[in-house]
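Participant: Supplied in structure tokens, the structure appears directly below.
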Amino acid sequence: MQVRSRSRSHFLPALLLLSSGCAGPQGPDASAESAAHAERMQWWREARFGLFLHWGLYAVPAGEWKDGTDYGEWIRDSARIPVDEYEKFQVQFDPVRFDADQWVALAREAGMRYLVITSKHHDGFALFDSAETEWDVLGTPFRRDILAELSAACVRGGVRFCTYHSIMDWHHPDYLPRRPWETERSSAGADYERFQDYLHAQVTEVITKYHPGVLWFDGEWESTWTHERGVELYELCRALDSDVIVNNRVDVHRGGMAGFSQSSEAVGDFGTPEQEIPATGLDGADWETCMTMNDHWGYNSHDADWKSVETLVRNLIDVASKGGNYLLNVGPKADGTFPDEAIERLRGIGAWMKKHGDAIYGTSASPFEALPWGRCTVKRNGADSILYLHVFERPADGKLVLPGLGNEPLSAGWLAGPRSALPVTREGTDVVVQLPPTLPDPIASVVTLGIQGDPIVYRAPEIVAESDIFLRPLPVELRVPSPGLEIRYTLDGTDPDAHSVLYDRPLQLTVTTELGARSFHGGQAVSSVTRRCFERVGVPPDCYPDQTSSHMESGVTLKAYSGSWDRLPDFEALQPVETSLVPGIRLEESQRVEQSALRFVGFLDVPRADVYRFSLTSDDGSQLWVNGQLLIDNDGLHGALEKHAHVALGAGRGNGIEVRWFNKTGGAELDVQWAPLGGELGPIANLSHWAR
């Protein structure tokens, strides 16, 4: 398949249009950039709800290859289909029933305000007429520019057109690395710089020809993509269109499926949690949860695990209540139509949104930490505010309790339902709305509660400490997010009252303590009590091997295994395919392979007795064992996920450490770090193993 290329110098004029500052708060013109960022994000924040479309050649096999039926948009990699075999799908792609206006109408009917379609997924196939390659939709029997038709339909239908574009490209001859299983596809002569020119050229085409409101990048996690490359691509987008919104996957600092960038130097306009809704929102950060309706992004004819309309609507509410957007996916079929099950759910969501959209569009996050009966969204109403109370389950006593709401309530009623007012009372520090015996909507009934001013919620204090166990004096802070509150605390497990000690500086704990803290206003308790127990542990004995240190050498033993698992296997029952000695516990590039597992075994050299903090990050599952005890269990199939734990260790070279890891498919990550309490996490050095 022919790929056209062009010189890198083609992009220099566009890049010279950039201002000196990088588009982010770390740039030299941060205040101006913040204003520009807020302006371009305004429509996106208002929209709250969008349609994701994963469509391409992978719709042709519809999830099937040989004996397998569980494939999706990753089918070329997960089914290990050679390039020349996969290219045969191009001449089979003929979506004669594709109707761009119908797609837009379905999105609009569902209440979606924007649409994101795959201009190019990881297989490299482009759904638009690209001058850079023949591996595009113009090389199919269909011979129509999908992006051109859909972007025009979005203008007609009042939906913002946006595109997804993969950085990773399994088809381009210059993209590296190759898939680990492509042993017969040589990388000789491949030039990643030349691929980057191609990527920039296609992104330039997408922006200048179709003017997307969002450029949603993906596939940034392989080692060939760097922060510097991400910044360059981000700046190209910003130079071509100052209003285009770019997600954080343009850069390398995304924290796995959780989706938030983990570095202050990261570029990108919003975070991208995938297939999950964060437990809480993140103040000052824009984010968007993308999620499938069933189990696949691309169309799979065997996938019947469809989420219900109720689940999808409540997901949307949950996301909005935490200040995020919800990008809900449909994988269209090869003929150009949506699956019937997807259409049914889009229309079901739309029926709810038609009555309750005001409680979603343009709202901000709930001021409450948790509400057992549902969720809350907020909207300004002149000098006052409206709280939209999304009731999932009616409390047994019919009382919607809003804990610690300090504002004066004005009036309450239904957003869509009976026009009669609902009784509102104050009970101590809480505001209570009384519900009738039945609710007007079986999915989520929305109560509107007007309040004076911006929401003020009296919250319980947060107890902040690095660990629950300590050996040396432990600093502890008490924090409360509500302004104008004071904190009183006790150290003996009793409830703080107005006569308890007033918190004015960090505490230094030296003995085992049960700490209780409560917020006060005007001398009155206005929150529940927060509790946390801290244990001072004894000094662990020095730990040295039973044998003399002369029998130990630097490094750890590594055993490698091959197989397909959903959880960590029983290593004792397996025969390793390779055993070697390695300098540390880390994943080399050659070990980032699918259907594999590793087991690192050795000893820690602990400089002094103390409580140590460990972090374990992996994709897929992993475990950390210290001195024969499971310290961190990060097992199971997931994206890059980080977990922490603390343990008291004695000084010496005899503290055993073992890390178990496996990868099934997709990304592969493993990182282990440690530090004594108060120290900064870093790689584990000075590891040892028994000399043989």
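The values are calculated or read from the model by the stated rules, or taken from the named source; none is laboratory data. Treat the numbers as computed from the prediction; the structure is a model and nothing was measured. Glycine gets a Cβ as well: all are built from the backbone with ideal geometry, and neighbour counts include every protein chain shown. These accessible areas exclude ligands, DNA and RNA; they are computed on the full protein's heavy atoms, side chains included. Shrake-Rupley method; radii C 1.70, N 1.55, O 1.52, S 1.80 Å.
Participant: Which of the residues spanning the range 666-691 are free of Cβ contacts under 8 Å to residues at least 24 places away in the same chain and either touching a helix residue (DSSP H, G or I) at 6+ places or on another chain (Cβ under 9 Å) or of a type in the set (S, T, N, Q) (or both)?
Facilitator: Across the range 666-691, there are no qualifying residues.
Participant: So is Glu642 out of contact with any Asp or Glu (no Cβ under 6 Å at 6 or more places or on another chain), closer than 15 Å to Phe603 by Cα, part of a strand (DSSP E or B) and among the acidic types (Asp, Glu) or not?
Facilitator: no
Participant: Going residue by residue through the range 484-493, is there one that turns out to be within 30 Å of Arg613 (Cβ to Cβ), open to solvent by 80 Å² or more (accessible area, probe 1.4 Å) and touching a Leu at 6+ places or on another chain (Cβ under 7 Å)?
Facilitator: Looking for residues that are within 30 Å of Arg613 (Cβ to Cβ), open to solvent by 80 Å² or more (accessible area, probe 1.4 Å) and touching a Leu at 6+ places or on another chain (Cβ under 7 Å), one finds at least one in the range 484-493, hence yes.
Participant: Taking Pro367, is it over 18 Å from Leu415 (Cα atoms), at pLDDT 95 or above and not aromatic (Phe, Trp, Tyr)?
Facilitator: no
Participant: Are there any pairs, at least 6 apart or on different chains, whose C-beta atoms fall under 7 Å, with the first in the range 498-512 and on the phi < 0 side of the Ramachandran plot and the second at pLDDT 95 or above and among the β-branched types (Val, Ile, Thr), and if so, which?
Facilitator: These pairs meet every condition: Ser500/Thr490; Tyr503/Ile487; Pro506/Val476; Leu507/Val476; Leu509/Val476.
A quick yes/no check of all residues on (1) assigned to a strand (DSSP E or B); (2) surrounded by fewer than 20 Cβ atoms within 10 Å (Cβ to Cβ); (3) of a type in the set (Phe, Trp, Tyr); (4) modelled with pLDDT of 95 or more:
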position	(1), (2), (3), (4)
Ser385	yes, no, no, yes
Ala396	no, yes, no, yes
Val401	yes, yes, no, yes
Gly417	no, yes, no, no
Pro437	no, yes, no, yes
Pro442	no, yes, no, yes
Asp454	no, yes, no, no
Pro475	yes, yes, no, yes
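Participant: Please specify each residue of the range 335-362 satisfying the condition of being open to solvent by less than 30 Å² (accessible area, probe 1.4 Å), more than 27 Å from Phe260 (Cα to Cα) and not in a helix (DSSP H, G or I).
Facilitator: Within the range 335-362, Gly336, Thr337, Phe338, Pro339 meet the criteria.
Participant: Now, a different point. Quick check: is even one residue across the range 35-45 out of contact with any strand residue (DSSP E or B) (no Cβ under 8 Å at 6 or more places or on another chain), modelled with pLDDT under 90, open to solvent by less than 50 Å² (accessible area, probe 1.4 Å) and more than 25 Å from Ser166 (Cα to Cα)?
Facilitator: Checked the range 35-45: at least one residue is out of contact with any strand residue (DSSP E or B) (no Cβ under 8 Å at 6 or more places or on another chain), modelled with pLDDT under 90, open to solvent by less than 50 Å² (accessible area, probe 1.4 Å) and more than 25 Å from Ser166 (Cα to Cα).
Participant: Right, next: If you go through the range 445-464 one residue at a time, how many are farther than 21 Å from Asn381 by Cβ and in contact (Cβ under 8 Å) with a residue 24 or more places away in the chain?
Facilitator: At the first step, the residues of the range 445-464 found to be farther than 21 Å from Asn381 by Cβ are 458-464.
When the remaining residues are screened for being in contact (Cβ under 8 Å) with a residue 24 or more places away in the chain, the result is 458-463.
So the count comes out to 6.
Participant: Which pairs turn up if I take residues in the range 629-657 that are free of Cβ contacts under 8 Å to residues at least 60 places away in the same chain and look for partners that are of a type in the set (Gly, Ala, Ser) and assigned to a loop (DSSP other than H, G, I, E, B) with beta carbon separation below 9 Å, at least 6 apart in sequence or on another chain?
Facilitator: Hits for this filter: Asp633/Gly621; Asn634/Gly621; Gly656/Gly628.
Participant: Kindly indicate the residue of the range 649-666 that is farther than 17 Å from Gly602 by Cα and surrounded by fewer than 17 Cβ atoms within 10 Å (Cβ to Cβ) and also nearest to the chain's Cα centre (by Cα) among those meeting that condition.
Facilitator: Gly666
Participant: From Leu316, Leu328, grab the single residue that is assigned to a strand (DSSP E or B) and within 22 Å of the chain's Cα centre (by Cα). Before you say what the answer is, go through the steps one by one.
Facilitator: Details: Leu316 fails: assigned to a strand (DSSP E or B).
After applying the criteria, what remains is Leu328.
Participant: Restricting the range 579-632 to residues that are surrounded by fewer than 16 Cβ atoms within 10 Å (Cβ to Cβ) and of a type in the set (D, E, K, R), which is nearest to Gln673 (Cα to Cα)?
Facilitator: My answer is Arg586.
Participant: Can you tell which of Asp70, Asp123 is over 16 Å from Pro332 (Cα atoms), of a type in the set (Asp, Glu), open to solvent by less than 10 Å² (accessible area, probe 1.4 Å) and within 31 Å of the chain's Cα centre (by Cα)?
Facilitator: It is Asp123.
Participant: Being in a strand (DSSP E or B), open to solvent by 70 Å² or more (accessible area, probe 1.4 Å) and more than 28 Å from Ala47 (Cα to Cα): is that true of Arg426 here?
Facilitator: Considered against the rule, which asks whether it is in a strand (DSSP E or B), open to solvent by 70 Å² or more (accessible area, probe 1.4 Å) and more than 28 Å from Ala47 (Cα to Cα), Arg426 comes out as yes.
Participant: Considering the range 75-94 alone, what residues qualify as being under 24 Å from Gln595 (Cα atoms), out of contact with any strand residue (DSSP E or B) (no Cβ under 8 Å at 6 or more places or on another chain) and not in a helix (DSSP H, G or I)?
Facilitator: Within the range 75-94, Arg80, Pro82 meet the criteria.
Participant: Also: Read through the list (1) within 29 Å of Thr530 (Cα to Cα); (2) under 36 Å from the mean Cα position of the chain (by Cα); (3) open to solvent by 70 Å² or more (accessible area, probe 1.4 Å), then give the number of the only condition that Ile469 fails.
Facilitator: Evaluating Ile469 over (1) within 29 Å of Thr530 (Cα to Cα); (2) under 36 Å from the mean Cα position of the chain (by Cα); (3) open to solvent by 70 Å² or more (accessible area, probe 1.4 Å) leaves (3) as the failure.
Participant: Checking Glu553 against (1) touching a residue at least 60 places away in the same chain (Cβ under 8 Å); (2) not in a strand (DSSP E or B), which single condition isn't satisfied?
Facilitator: That leaves (2) as the condition not met.
Participant: If I ask for residues that are of a type in the set (D, E, K, R) and either assigned to a strand (DSSP E or B) or under 12 Å from Cys543 (Cβ atoms) (or both), which ones from the range 607-639 would you list? Talk me through it step by step, then tell me what you get.
Facilitator: In the first step, residues of the range 607-639 are kept if they are of a type in the set (D, E, K, R); the result is 608, 610, 613, 619-620, 633, 635.
Scanning the range 607-639 gives Arg608, Asp610, Arg613, Asp619, Asp633.
Participant: Being open to solvent by less than 40 Å² (accessible area, probe 1.4 Å) and within 26 Å of the chain's Cα centre (by Cα) narrows it down to one of Phe128, Phe195, Phe217, Phe142, so name that one.
Facilitator: None of the others qualify; the one that does is Phe217.
Participant: So, one more: Any residue in the range 53-74 that is assigned to a loop (DSSP other than H, G, I, E, B) sitting within a Cβ distance under 7 Å of a residue that is of a type in the set (Val, Ile, Thr)? List the pairs, counting only those 6 or more apart or interchain.
Facilitator: From the range 53-74, the pairs are His54/Thr118; Trp55/Ile117; Trp55/Thr118; Gly56/Thr118; Pro61/Ile75; Gly63/Thr69.
Participant: Is at least one residue of the range 480-489 under 21 Å from Ala645 (Cβ atoms), of a type outside the set (Gly, Ala, Ser) and in contact (Cβ under 8 Å) with a residue 24 or more places away in the chain?
Facilitator: Within the range 480-489, none of the residues are under 21 Å from Ala645 (Cβ atoms), of a type outside the set (Gly, Ala, Ser) and in contact (Cβ under 8 Å) with a residue 24 or more places away in the chain.
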